[in-house]
1. Where does the charge balance sit around K143 when Lys and Arg score +1, Asp and Glu -1, over other residues with C-beta under 11 Å from its C-beta?
2. For region 38-46, take each phi angle, set θ = phi - 60°, evaluate the Karplus expression 6.51 cos²θ - 1.76 cosθ + 1.60, and give the result in whole Hz per residue in order, putting x for glycine and proline.
3. Sort the following peptides by mean Cβ neighbour count (other Cβ atoms within 10 Å, averaged over residues), highest first: 132-141, 25-34, 147-156, 4-13.
4. R153 to K46: extension gain in nm, 0.36 nm per residue of separation minus the Cα-Cα distance?
5. Kindly give the semi-axes, whole Å and largest first, of the ellipsoid equivalent to region 1-83, taking each as the square root of 5 times a Cα gyration tensor eigenvalue.
6. Please list the non-local residues whose amide H lies under 5 Å from the amide H of L117, H modeled 1.01 Å from N, same-chain partners needing a gap of 5 or more.
7. What order do you get for 187-197, 64-74 when each peptide is scored by the mean count of other beta carbon atoms within 10 Å, highest first?
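Every read-out reported here was derived from the displayed coordinates using simple, explicitly stated rules and does not represent laboratory data. In this text, all values refer to a predicted model and were calculated from it rather than measured experimentally. All Cβ positions, glycine included, derive from the backbone under ideal geometry; neighbour counts span all protein chains shown.
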Amino acid sequence: MNIVSAVFDCSAPDLDSCPDESLPEFAFIGRSNVGKSSLLNMLSGKGDLARVSATPGSTRLINFFTMNRHWRLVDLPGYGYAHVARKDMAQFNQAVSDYIELRPNLFRVFALIDSGLPPQKIDLEFVEWLAVNSVPFVLVFTKTDKIKPTPMRANMAAFMDRISAWNITPPQTFTCSAKTKHGRSELLSMIAATIAAERSERGLSVPDEEPLPDPAPAAERKSKAREGCVTRPNPARPW
Ligand SMILES: Nc1nc2c(ncn2[C@@H]2O[C@H](COP(=O)(O)OP(=O)(O)OP(=O)(O)O)[C@@H](O)[C@H]2O)c(=O)[nH]1
Ligand SMILES: [Mg+2]
C-alpha cells in the first residue's frame, strides 16, 4: 500500500470528543518513549506529522491522522509516565481506556514494545489487559536498529513466553525501526489486509483502498469533527 496522503485531523481529550466513526482506525499504544509517534511518522512517510520527543510523555491527547482519506492512524498517550499507577492499567488514562474499549471503528491496537529490553512488568500488564478485554491487538517490537539480532530475538521470545501462560491465541508480531524504516511494508500490508477482512466481517461499507492524493480542505475536515476535538492551530501543536 502506498501512502499518498497523510493529514492531521484533530486531538481529542476524551472519547466524546473523538471525530466521526466512519473510518477504520489503527491505534498506537505503549510505554512513553517506546516510539509510537516515530512509528506513525515512519508509516505515514511524513517525518514531522506527529510530535516526537526524547522527553517521555510528549503525547498527551488522542491524536488522529487520516491516511489516503480512507483510514486513520491514532497516536495515543504513553503509559508508565510520571505518577501513573501501575496497579490498574485500565485506569492509567480514562480517555485512552474508554477509546480502546468503546471505539467501534478501532480495527486494531498496535501494542509497542521496546525490542531492546527484556519483558517489562508494565508492558505485560497492559497487554494482558488488552487480552482480558478481548481488544484485537498486534505486538510491534520497536527500535530494532538499536540492538543486535540475537539479544533482540531473546527479548521477543521471552515476551512471547510470558504471554503463552495466559492461554490466548498468540498475537501477530512485527518488528520495526523508525530510523531504518524496517517493518514499514509489513505493517502497511497488515493494515490493508485488516481493512479488507473487517469490511466483509463487519458488513461495514468501508471504502476501497484507493490512494486519493487531495485531502479535503481543512474547513471541511474540521466540520466533521465533534465539538471538543481540537484541530491543530498551524503551526503550533496543541499536545
Ligand atoms: N534509534 C531509534 N530511536 C527511536 C526509534 N523510534 C523512536 N526513537 C526515539 O525515541 C524517542 C521517543 O520517540 P517517540 O516517538 O516520541 O516516542 P513515544 O512513544 O511517542 O513517546 P510519548 O509520546 O512520550 O509516549 C525519540 O528520541 C525518538 O527519536 C527507532 O526506531 N530507533
Ligand atoms: Mg508520542
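1. Values: positive: K146, K179; negative: D114, D145.
Result for the neighbourhood of K143: 0.
2. In residue order, the calculated couplings are 5, 5, 4, 5, 5, 5, 6, x, 10 Hz.
3. 25-34, 4-13, 132-141, 147-156
4. Length difference between fully extended and current span is 35.6 nm.
5. Output for region 1-83: semi-axes of 21, 16, 9 Å.
6. Residues meeting the criterion, in which the H sits 1.01 Å from N, do not exist here.
7. Sorting 187-197, 64-74 by mean packing, highest first, produces 64-74, 187-197.
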